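Quick note: the coordinates plus some simple rules give every number you see, no bench work behind them. Worth saying up front: this structure is predicted, and the values here are computed from it rather than measured. Counting neighbours? That spans all protein chains shown, and the Cβs are built from the backbone with ideal geometry, glycine included.
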Amino acid sequence: MIPESIFYTLRSLRMSDLEKQQRKAVILQTMLATPAVHTPPLYRHLTTGFFVAVVLLIGGVSLIAEGSLPGDLTYPIKIQVTERVLDAVEVSSEDQMSWDVSKAERRQEEIEMLATEAGF
């Protein structure tokens, strides 16, 4: 915490007119040396649309993969992508433990479904 006397001293500091002019000159020189790039509106819309499409595609594939079983085409996505993302999201040890239990239950359900499909 800053002592009050220092706070008031710092608040009273001001740049001189010459310092202000020098700072403005530096800012102006920088602006002239690196002009802003104008992005056409169509390009921005295409970029935004592409980003949204990629997010929807990834989310859709992950959602489809949630119901997959070992041997299915999307099962590696479920294990290698979706579950690893969820591993990273769980930050507290309690949440991580709960998620680990949930993963074990998911594997058990997958085994039971595969056994049912195989006729065991």
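Using helices alone, what [θ] at 222 nm do you get for the chain, with -39,500 (n - 2.57) per DSSP H run of 4 or more residues, divided over all residues and rounded to the nearest 500?
Numbers: 5 runs with 84 residues, N = 120.
Dividing the helical sum by the residues of the chain leaves -23500 deg cm²/dmol.
Want the number for Ser62 to Asp100: 0.36 nm per residue separation, take away the alpha-carbon distance, what's left?
Values: separation 38, 0.36 × 38 = 13.68 nm, distance 1.89 nm.
Gain in length upon complete extension: 11.8 nm.
Rounded if a/c is under 1.5, else prolate if a/b beats b/c, else oblate: with a ≥ b ≥ c from the C-alpha gyration tensor eigenvalues square-rooted, which is region 41-118?
Values: a/c = 4.68, a/b = 1.65, b/c = 2.85.
Cα axes put region 41-118 in the oblate bin.
Give the residues of region 100-116 whose amide nitrogen is closer than 18 Å to a point set 7 Å from the Cα of Arg84 in the direction of its Cβ.
100, 103
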